[in-house]
Amino acid sequence: MPPSPATPPGTAPAATAAIVRLEDVRKTYRMGSEEVHALAGVSVAFEPGSFWAIMGPSGSGKSTMLNLLGCLDRPTSGRYILAGEDVSRMDDDALSGIRLTYLGFVFQSFNLIAQLTVRENIELPLFYLGWEPHDSARRAAELAHRVELGARLGHRPAELSGGQQQRVAIARALANDPQVILADEPTGNLDSATGKTIMELLRDLNRQGKTIIIVTHEPEIASWADHRLHMKDGLVDRID
Amino acid sequence: MALLPQVNLNRTLRLVKLGVKTLLLHKLRSLLTMLGVVFGVGSVIAMLAVGTGASREAQEQIRRLGSQNIIIHSVQPQQDQTTERVRMSIYGLTYDDDARIRETIPFVSRTVPAKLIPQEARVGGRQMELRVVGTTPGWFELVERELLAGRRLQESDMVRSANVTVLTERSARRLLATEQVLGESVRIGSNYYQVVGIIRSETGGTAGGVQTPDQEVDAYIPITTARERFGDIVVRRREGSTERSLVELHQLVVEVDAIENVQAAATAIEHMLRRFHSREDYRVSVPLALLRQAEATQRTFNIVLGSIAGISLLVGGIGIMNIMLASVTERTREIGIRRAIGAKRSQIVGQFLIETIVLSSTGGLIGIAVGVTIPQVIEYFAGMPTVVPLYAVVLSLGISVAVGVIFGIYPAMRAAKLDPIVALRYD
Ligand SMILES: Nc1ncnc2c1ncn2[C@@H]1O[C@H](COP(=O)(O)OP(=O)(O)O)[C@@H](O)[C@H]1O
Ligand SMILES: [Mg+2]
């Protein structure tokens, strides 16, 4: 990853073609009279098709950063440029649109909707994209097949193992063909063997061109990524 | 306004399906939740049906009296009803009253006088008490009863003071066993009358306190004949005392040329009668006024019902809101997931709002079914006429949807306002 002359103060290298770029991003929470700087000036740039792991001790600002990257939150100051668009000052509706278009989420606790079937869960992004039921059912079937759950389309999440549920979640994250997949401790609730299959799946997706950013505290999981970003006290500690 | 969902039929339809599906996941809870609306709508439609049925019947009876008519009865004044052994009371409408009304009261197009004389009628061995109605051919235009056989009274019968009679179906049946009744002779009082026609008898009854002109067992004869044969004195014997009364006309039906002139004509008639009668030995009834009164009563009834409906739907709506608020809390995670995936706030509002509307309008539909069935049962078992007004059904459905919107909007807004980050962490 070549350093760029336009790199703002910070520790991360940046590229003009970065898919994700944070420029001196700060996030401050006010707890009564006290201010908590969850992010205290972070500048990073992730290239398209890169695979990143965000690491760091508890309270270092990992989740805050992922929420910002996921457009679920807005920075207190600084800029966030996603796919060339400054999203840091967008309103709620616009951010929803950005999430729907560019992003896919994978969560530690899978976060499937219990009353919906595997197919319906995978179809969810397509519903909000306004796809016709016929088309979205076909795409859901394709994606389920891709995560090797083609035979489970009619099942409910509760009828699946943890690993299977996470694979459904990945299929759902892929439904809108996002450029960036964000995963918060995707293997946190899985045994190590299952965790490995999930990481393999993410690595394959990365090889097919998706930018993948995961948060983890397990070095073994982080080792699947091409780059590791270590956070400490709301700042980027180092990158390796 | 950004929170309000844009209307897109296709997407709305899919949200309706989603709502139905979600509600079917908790069938019992959904049913219990909509019960308030079910009973609210059901009871109001049922009550409205019974009320409308009753008042329609009353209004129909009054209308049968003729909304362009004014009916004047002779009434025996109180002071006449003393306990003298033999007495003669003279009261009521006179032939002159009839002529004066016909000739001097504005807007009057016709009058139909009637003498009502209770008499014994016999054919061979059969006999019965019936009411002889001495009247003019105009009677049969006022009281529109189907002619079953023969003809009605005619002007020529009047001129000739003919001994002819038109019987009601009921009178004919009781007096004449044979099918061939036309041309038969019936003895009424001390004379024989030839039966020239039969008309259908209908339960007249009283409408708004006024006796309908016809009764089930009537024998109609020309008024000229009645005057000649029976005179103006009616003799009634009861409990050893003989009661005699001299009444020229028992009833006078005045037809006015147009509905809007009825009140004016009635006022003029009352004024005139007061001038020529020293006592109140008559009663003027205006069916139109009674009709208006009945309509006003129904309006009041409807307002009361409307208030009850309002209160019960308010309670039903609050019940729905309560459950929807619980549902929003219960489904916080789901809301977080949908928002993270890219659902706009307005789409979350839409989802929950439509779910609430599905709930309330399903309740409304069940309520309508209940409300339409109950009157049928009442009609079947109690024999009361009921009418389910179409407007009540349409209005109920509309109000059920409105209840969903009104009581769904707050829970839906609550759902949409959830911070997705917080919602995703919720468990
Ligand atoms: N909503 C919030 N309100 C107040 N403080 C918060 C909030 N979210 C995070 N923080 C604080 O910001 C810091 C970073 O938190 P977080 O990003 O969750 O760290 P990590 O995910 O690395 O454990 C912590 O000190 C945390 O207490
Ligand atoms: Mg965290």
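The values are calculated or read from the model by the stated rules, or taken from the named source; none is laboratory data. Note that the coordinates shown come from a computational prediction; the quantities given were computed from them, not determined experimentally. Don't worry about glycine lacking a Cβ; one is built from the backbone with ideal geometry, like all the others, and counts go over all protein chains shown.
Looking at the structure I just gave you, is residue A:140 modelled with pLDDT of 95 or more, in contact with a Gly (Cβ under 6 Å, 6 or more places away or on another chain) and not in a loop (DSSP other than H, G, I, E, B)? So that I can check it myself, show each step before the final result.
Values: modelled with pLDDT of 95 or more: yes; in contact with a Gly (Cβ under 6 Å, 6 or more places away or on another chain): no; not in a loop (DSSP other than H, G, I, E, B): yes.
Answer is no for this residue.
The rows are residues; the columns are (1) within 23 Å of residue B:302 (Cα to Cα); (2) buried (at least 22 other Cβ atoms within 10 Å of the Cβ); (3) assigned by TED's automatic domain parsing to the domain that holds residue B:361.
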{"residue": "B:42", "(1), (2), (3)": "yes, yes, yes"}
{"residue": "B:46", "(1), (2), (3)": "yes, yes, yes"}
{"residue": "B:50", "(1), (2), (3)": "yes, no, yes"}
{"residue": "B:53", "(1), (2), (3)": "yes, no, yes"}
{"residue": "B:91", "(1), (2), (3)": "no, no, no"}
{"residue": "B:94", "(1), (2), (3)": "no, no, no"}
{"residue": "B:102", "(1), (2), (3)": "no, no, no"}
{"residue": "B:110", "(1), (2), (3)": "no, no, no"}
{"residue": "B:118", "(1), (2), (3)": "no, no, no"}
Show the residue pairs that are 6+ apart or on different chains and have beta-carbon atoms under 6 Å apart, the first residue being within the range A:46-65 and within 16 Å of residue A:217 (Cα to Cα), the second being within 6 Å of ligand 1 (Cβ to nearest atom) and among the charged types (D, E, K, R).
-> A:54/A:62; A:56/A:62
Only one of A:114, A:151 that is more than 9 Å from every other protein chain (Cβ to nearest Cβ), farther than 29 Å from residue A:19 by Cα and not polar (S, T, N, Q) | A:151
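For the condition within 16 Å of ligand 1 (Cβ to nearest atom) and more than 17 Å from residue A:233 (Cα to Cα), what is the one hit in A:80, A:29? Step through it out loud before you land on a result.
Details: A:29 fails: more than 17 Å from residue A:233 (Cα to Cα).
Every option except A:80 fails the conditions.
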Right, residue A:90: buried (at least 17 other Cβ atoms within 10 Å of the Cβ), more than 9 Å from chain B (Cβ to nearest Cβ) and without any contact (Cβ under 8 Å) to a residue 40 or more places away in the chain or not?
-> yes
What number of residues within the range A:161-188 satisfy the criterion of being away from ligand 1 (no atom under 16 Å from the Cβ), assigned to a loop (DSSP other than H, G, I, E, B) and within 14 Å of another protein chain (Cβ to nearest Cβ)?
-> 5
For the subset of the range A:225-240 comprising residues that are away from ligand 1 (no atom under 14 Å from the Cβ) and in a strand (DSSP E or B), which member is surrounded by the most Cβ atoms within 10 Å (Cβ to Cβ)?
-> A:227
Selection count, the range A:129-148, where residues are within 14 Å of another protein chain (Cβ to nearest Cβ) and out of contact with any Leu (no Cβ under 8 Å at 6 or more places or on another chain) = 6
Subset of the range A:17-51 [under 28 Å from residue A:93 (Cβ atoms), more than 16 Å from ligand 2 (Cβ to nearest atom), not in a loop (DSSP other than H, G, I, E, B) and not polar (S, T, N, Q)] = A:20, A:21, A:22, A:23, A:24, A:25, A:26, A:30, A:44, A:45, A:46
Does the range B:6-15 contain at least one residue that is modelled with pLDDT of 85 or more, surrounded by 21 or more Cβ atoms within 10 Å (Cβ to Cβ) and assigned by TED's automatic domain parsing to the domain that holds residue B:358?
-> yes
Are there any pairs, at least 6 apart or on different chains, whose C-beta atoms fall under 6 Å, with the first in the range A:184-201 and of a type in the set (S, T, N, Q) and the second within 16 Å of ligand 2 (Cβ to nearest atom) and not in a loop (DSSP other than H, G, I, E, B), and if so, which?
-> A:187/A:221
When residues of the range A:32-65 are filtered for being within 18 Å of the chain's Cα centre (by Cα) and over 14 Å from residue A:236 (Cβ atoms), how many remain?
-> 6
Could you grab me the full set of residues in the range A:189-224 that are within 16 Å of ligand 1 (Cβ to nearest atom) and away from every other protein chain (no Cβ under 14 Å)?
-> A:213, A:214, A:216, A:217, A:218, A:219, A:221, A:222
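Between B:85, B:126, B:160, B:151, which is touching a strand residue (DSSP E or B) at 6+ places or on another chain (Cβ under 9 Å) and at pLDDT below 90?
B:85
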All-but-one check, residue A:105 against (1) within 16 Å of ligand 2 (Cβ to nearest atom); (2) more than 10 Å from every other protein chain (Cβ to nearest Cβ), failing number (2)
